[in-house]
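To start, the structure itself, in structure tokens.
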Amino acid sequence: MFRLAEATPIATGHVREVYQHPDRPDLLIKVISGASIEERWNAAPWYRRLARSGPYKDFVREFREYVTAIHTGGYDSVPIARVVGLEMTDIGLGQVVEKVRGPDGGLAITLHDWVKAEGFTATTQAELEAFHARLLAHNVIAADLHAWNVVYGEDSRGGGPRLVMIDGFGEKNIIPHCSMSRAHNASRTTKKYERMLKRTRAEAPSR
């Protein structure tokens with residue numbers, strides 16, 4: 001069991017806390033926060049508590065999507081972060097993922113922060129187009145596609161820095177219509193991508 005109770009998260013979201021893996025600098029451990037479990041599970045209406053995996057249903061959803069993306073388009077070009085497995089910690093079940101890294105070995109910069117720092121450049125446009133193409137090639141269900149869930153960096157798959165989705169992927173709909181039709185999913189993904197692109201361009205600083 002990994003001891004994380006006394007550790008400081010290196011990133012915190014509405015649902016999960018992200019910790020550096022104690023033994024592997026190239027890995028992270030994502031843990032569902034206690035407040036999120038209370039709000040989204042213990043205090044939720046009965047119909048939201050039907051999932052057999054309980055508050056860890058997001059782990060199951062993302063692992064399924066990762067496996068599906070590899071099956072559909074191969075391993076090397078998967079546009080979502082590599083899911084390594086599950087480990088027990090002293091603050092709950094943890095999802096182990098590979099760290100997408102920046103040049104200094106730390107967490108890769110988000111698309112939002114990258115554009116804020118460097119502006120919307122020709123490189124940004126090219127990387128976004130390549131990322132969109134990989135999403136479609138791997139038939140990824142990009143449930144929550146926005147500039148805070150996408151980072152620019154590299155991992156063990158090599159090939160230099162690229163845009164990678166680190167959170168918010170997989171089917172969330174009660175009726176899994178995105179899973180049922182690749183063309184339908186591609187259309188929804190493209191609409192979400194175009195919305196993200198428009199917002200990212202609008203938020204870029206003037207140069």
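The values are calculated or read from the model by the stated rules, or taken from the named source; none is laboratory data. Since the model is a prediction, treat every value here as computed from it, not as a measurement. Ideal geometry is used to build each Cβ from the backbone, glycine not excepted, and the neighbour counts take in all protein chains shown. Each accessible area value is taken on the protein alone, full model and side chains, heavy atoms only, with ligands, DNA and RNA left out. Shrake-Rupley method; radii C 1.70, N 1.55, O 1.52, S 1.80 Å.
So that you can scan it fast, the table gives a plain yes or no per residue for (1) in contact (Cβ under 8 Å) with a residue 24 or more places away in the chain; (2) more than 25 Å from G102 (Cα to Cα); (3) part of a helix (DSSP H, G or I):
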{"site": "F120", "(1), (2), (3)": "yes, no, no"}
{"site": "Q125", "(1), (2), (3)": "no, no, yes"}
{"site": "V140", "(1), (2), (3)": "yes, no, no"}
{"site": "R157", "(1), (2), (3)": "yes, no, no"}
{"site": "F169", "(1), (2), (3)": "yes, no, no"}
{"site": "K172", "(1), (2), (3)": "yes, yes, no"}
{"site": "T190", "(1), (2), (3)": "yes, yes, yes"}
{"site": "Y193", "(1), (2), (3)": "yes, no, yes"}
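The residue list T72, T89 contains one member that is under 29 Å from G160 (Cβ atoms), more than 16 Å from the chain's Cα centre (by Cα), surrounded by 13 or more Cβ atoms within 10 Å (Cβ to Cβ) and not charged (D, E, K, R), which is T72. If you check R40, R82 for being modelled with pLDDT under 90, in contact with a helix residue (DSSP H, G or I) (Cβ under 8 Å, 6 or more places away or on another chain) and open to solvent by 30 Å² or more (accessible area, probe 1.4 Å), only one passes: R40. Taken over the stretch 1-30, the criterion of being surrounded by 13 or more Cβ atoms within 10 Å (Cβ to Cβ), touching a residue at least 24 places away in the same chain (Cβ under 8 Å) and farther than 19 Å from A108 by Cα is satisfied by F2, L4, V15. Against the test of being out of contact with any Ser or Thr (no Cβ under 9 Å at 6 or more places or on another chain), touching a residue at least 12 places away in the same chain (Cβ under 8 Å), small (G, A, S) and outside any strand (DSSP E or B), the options A44, A35, A69, A51 yield a single qualifying residue, A69. Scanning the stretch 152-207 for residues that are of a type in the set (V, I, T) and over 30 Å from R48 (Cβ atoms) gives a single hit, T200.
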